[in-house]
Amino acid sequence: MIGAPSTGADAGMSFRNLIHLAGVGKSYGAVNVLKPVDLTIGDGEFLTILGPSGSGKTTILRMLGGFTPPSTGRILLDGVDITDMPIFERPFNTVFQDYALFPHMSVAKNVGYGLKMRRRPRAEIDAKVADVLAMVELSDKAGRYPAELSGGQRQRVALARAIVCEPKVVLLDEPLGALDAELRRSMQDFLKALQRRIRTTFVFITHDQEEAISMSDRIVVMDHGKVEQVGTPKDIYYRPQSEFVAKFFGENNILPARLTAGADPAIESPLGGHALHGAAPAGTCSVAIRPESFSLGEAANTAAGQRSMVGRLESLTFLGATTQLVVRLGDGSPHTVKVRLPTPDLGEGVGIGEAVSLRWSTADVSVLNA
Amino acid sequence: MTDLSLAASGADPAIAGARAPHRRWLRRTALRLAVYGVPALLILVPLATFLVYSFWTTVDGRVVQSFTLANYVDFLAKPVYRGVFTGTLWLASIVATTSLIFGYIIAYLVWRLEGRLRYFLLLLSVIPLAMNYIVKIYAMRNILGYNGSLNWLLVHAGLIEAPSKLFIFNQTAVMITMAVIYLPYAILPIFLSLERVSPSLLAASADLGGRPGQTFRNVVLPLSLPGSIVGALFVMVLALGDYLTPQMVGGNQGFTFGRAIWSQFGMAFNWPFGAALAVVLLLSVVLIILVAAAISRHARVK
Amino acid sequence: MHRRDFMTGVTAGLAGLLLSSATLPATAAPKELRVLTWEGYADEPWVKAFEAKTGAKVKITYTGSVDEIFAKMTASKGEDFDVIAIETSSYKRLTQEKLIQPVDLTKVPNAKNLLPAFREVSAIVFDGKPYAVPFAWGSIPLIYDKKAFPQPPASWSVLWDDKYKGRIIAMDDANNAIVTTALLLGYKDPFNLTDAQFAEIKAKLLDQKRYVSTYYAGFDDGVSIFAQGGVDLMMSMGEPQAPMLQKKGVDVGLTIPKEGAIGWIDCWAISAGARDPALALAFIDFMLEKQVGTYISEKTGYGNTTNADANAAIGLTYADKLVFLQAPENFARRIDLWNEIKATPVE
């Protein structure tokens, strides 16, 4: 297991490996909530685990934190097996979904709790708490009780409490879920800036795709207890490896495809034939391409690695900066694609029912697992 | 209560609201009167009667209906009653403390359990509430008595040679019996106050490096203690008024304030003095309840 | 009082029947006798016989306590009842509050049936006039374990004997404790004690506390504690406790020590507001029939006042050794004294 190539290494990130989940899975009786996962997390990385509810993302976090023992596999920290290490000994701290602030303690006491548990000297606790509170801009609220704070303030107290002990990893369990949209956006920026500043590994759980894409170094997409794909936001967005991932982030064109086997395997789809990039997974049966990956242009001007095709415009929707077109791929073709273009690129020329020439790069066509 | 009445009359709110706001107001007022008035009548009238009685006096077994503070002066002047009063307060506080400690331990152990077993054990620990109180006292006497099961056990275990009278007919027996009988009254509120400690707080404490003992001291105890103290004060109130348990197991050390009150009725015909003693007891109970209310309010503010 | 509990079981069935017939609407017959009494004192056999003999209807109201009798009597100055049954020590208060009237014994021919010990009961005579007629009686005897005492203890002083320390139980009753102690100390009038006598009794009872294991609360409580073991002596609450203990397998005896013991007598009296005093007298006369007395002794285990043989059959031959209860000089003072004794810690 440990020797297997890890997805973290594949992504080619510049982080030193800190944590290795080796075949970690979880089942309750016959119910398998998490199929064995292999994953490495880099030191200083902002890793987001993204998925709909019930996808198993929280289970991974709980096993990392030590709240739930895994049913299979081992968890390694700097090469040391910590699978059976009790919660209170793990150098990880968690920001809970409901913040879990101690209602009977002041903000300062809440933040200093971890240091107190570690029996740090009083002066050190005071100094560190003051530093961290300044970092989260709550210095003036040190004496308040959680019940006297707003949602965003509580959120920041929870954050301060989790980073004050300088943990190796901060685990964040959908910490922004309870905030309204505006506050959420500013907290996203705040969180990302803080993470950059303290250079601590963040493992962040969310079900919000935009949040994941805008904040993360890497994203682990999960569905039905299974890791669908691990990669940088761009990877995930432009090179989805499964239909689930392709559909999960914004609009996408998914077209049926056929694999041509042989010495030089290729893929045949309504967009024509492509050589396969890398190894073709078995059972591949569709391709995906983003609406914005298309541009307009004659076949004559096609550069290397580019393809073009003439289709017929079926509809046109003005969206402001961009305009969305629906184009039938050739007369009588059962397939259409959505195309999104910057509105100025469109000029005046095209009318419904007229021919349009689409151009795209074969690199932007992703082959999807079934 | 008023919500109920609204819901009942609000089957068709538009019509009811437009047609008969007055009638609805009347109905609501009548309901409120019934809801608050009847219990008030049932509780306050006897209380008021007692209060009035306590300012009367008896001459030759006959009640003289003229205002006097003589009964209260008597209470303060007669060292017997004053002494019994403070002794009973002391006894009740010990019972409350014992119930708090053991009730807390039991409630905590039950609370730490998971799933069905937890509620089964909780049910089991409060089932004695449904049993007749006198039956429970008799049961305790059968356990603690000279030929009781405790002595049987100790003799058979070879710990003592002959049955001991150390467990029955003394102050200790009263405390043990009361503590056992009133334990469920303590367990329930303590369990409820533990129930209010969110599991995520325990997770947070452990996550921040708190060992189980530290988590208990820093999180569980401070959060559940106010509610638990309220439960203990409730037990104290029960113990204060209990005159049967001391009578049944207290032997020649089992004289309490409740029995002093009781002795003024029946053949003694001294209702006014009995009423005055009862008013003193009632006032101390009210005081304890106020303390309990203050504690729980203070805890909630945090 | 305690002994009624014992009777309740014996007569509950009968009483239920009687009660239901008694509450039917009054028929044409104008003669009605309203009786306020304890369960067991107006049982069907003789009530029916009385009704047959006089043609009157008997309406019975049962009571559970002395307090209740006073409450019911004072509410209407006695006009709601014709005849009541109550124990001797209550008569002082009843006559003071003018709730009853004197009984003209010349109109009670069966008074001749009264046994000698019940002809001159001073507790029910006021201003030279008898206010009631004795009907049933019992005592506060000493009950002992025969294993500890082959011979019955001779004196109440056994309750102060070091040998039985912690093996004695006494009833929790101020007046009984004080009167019995007064008898032991040889006081002539245990119902009108001087301050000095009060002080001596207090000292004596405080001293006794060291020997007493517990003050029990009632009939059954005393029996249950005694039967639990570790007890040799009990200042009892009444005769029936002895057979109850025998039934539980404790071989006990019952004795009236040489100083005497407290006796109680329940007597019939006529309410001050009686509608038909003649009918009331007729009822009381009927109650003094020997058969009624026999029935009382056989059914309840208490003494009757008319048939010495029936008394002897159940061992109640000691009426002459008893000091019958009277209203004490100051009940509140006795209660206070008793409370003080119970409240004083034993060293």
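Quick note: the coordinates plus some simple rules give every number you see, no bench work behind them. In this text, all values refer to a predicted model and were calculated from it rather than measured experimentally. For neighbour counting, all protein chains shown are included, and Cβ atoms are generated from backbone atoms with ideal geometry for every residue, glycine included.
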- Message: On the principal axes of its Cα set, how long, how wide and how thick is the stretch A:175-279? Give whole Å, largest value first.
- Response: 52, 27, 25
- Message: Quick check: the distance between the Cα centres of the stretch B:146-188 and the stretch B:235-253, to the nearest angstrom?
- Response: 15 Å
- Query: So who's got an amide H within less than 5 Å of the one on A:A257, skipping anything under 5 residues away but keeping other chains? H placed 1.01 Å off N, in plane.
  - Reply: A:S286, A:V287
- Rounded to the nearest 500 deg cm²/dmol, what is the calculated helix-only ellipticity per residue at 222 nm for chain A, with -39500 (n - 2.57) per DSSP H run of length n ≥ 4? -7000 deg cm²/dmol
- Query: What is the local net charge at A:A178, summed over the other residues whose Cβ is closer than 14 Å to its Cβ (Lys, Arg +1; Asp, Glu -1)?
  - Reply: -4
- Query: chain A: longest stretch without exposed GluC sites (Glu not before Pro) (DSSP loop, at most 16 other Cβ within 10 Å), sites themselves excluded?
  - Reply: A:1-136
- Rounded to whole Hz, the Karplus (6.51, -1.76, 1.60) HN-Hα couplings of the stretch A:214-221, x for glycine and proline: 6, 9, 8, 7, 9, 10, 9, 8
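Considering only chain C, what is the antiparallel percent among its DSSP beta bridges, to the nearest 5?
Values: 25 of 43 bridges.
Counting DSSP beta bridges with both partners in chain C, the antiparallel share is about 60 percent.
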- Message: Taking θ = phi - 60°, what integer Hz values does the Karplus form 6.51 cos²θ - 1.76 cosθ + 1.60 yield along the stretch B:76-92, in sequence order, with x for Gly and Pro?
- Response: 6, 7, 7, x, 4, 6, 4, x, 5, 4, 5, x, 5, 4, 4, 4, 4
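So, counting K/R as plus one and D/E as minus one, what does the shell of residues with Cβ under 13 Å around B:G148 add up to? Walk me through the intermediate numbers first.
Working: positive: B:R141, B:K165; negative: none.
Summing Lys/Arg as +1 and Asp/Glu as -1 gives +2.
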- Query: Once amide H atoms are placed 1.01 Å from N in the peptide plane, what residues at a sequence separation of 5 or more from A:D223, or on another chain, have their amide H within under 5 Å of its amide H?
  - Reply: A:E228
- Item | Average silhouette area of the protein assembly as shown, convex hull of alpha-carbon atoms, in square nanometres | 66.1 nm²
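Out of the DSSP beta bridges found with both residues in the protein assembly as shown, what percent are antiparallel (nearest 5)? Could you put the intermediate results ahead of the total?
Working: 85 of 122 bridges.
Around 70 percent antiparallel, to the nearest 5.
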- Between beta-carbons, use under 14 Å as the cut-off and find the net charge around C:T305, counting Lys and Arg +1, Asp and Glu -1. -4
- Message: Rounded to two decimal places and with Rh computed the Kirkwood way over Cα pairs, what is Rg over Rh for chain A?
- Response: 1.06
- Message: Can you classify chain B as rounded, prolate or oblate using the Cα gyration tensor, where a ≥ b ≥ c are the square roots of its eigenvalues, rounded means a/c under 1.5, and otherwise it's prolate if a/b beats b/c and oblate if not?
- Response: oblate
- Spatially proximal lysines relative to A:K57 (Cα-Cα < 22 Å; intrachain offsets below 8 disregarded): A:K26, A:K35, A:K168, A:K192, A:K226, A:K234, A:K247
- How would you order C:318-327, B:249-258 from highest to lowest mean count of nearby Cβ atoms within 10 Å? B:249-258, C:318-327
- Query: Quick one: what does P(r) look like for chain C with 10 Å bins over all Cα pairs, in whole %?
  - Reply: 5, 24, 33, 23, 11, 3, 0
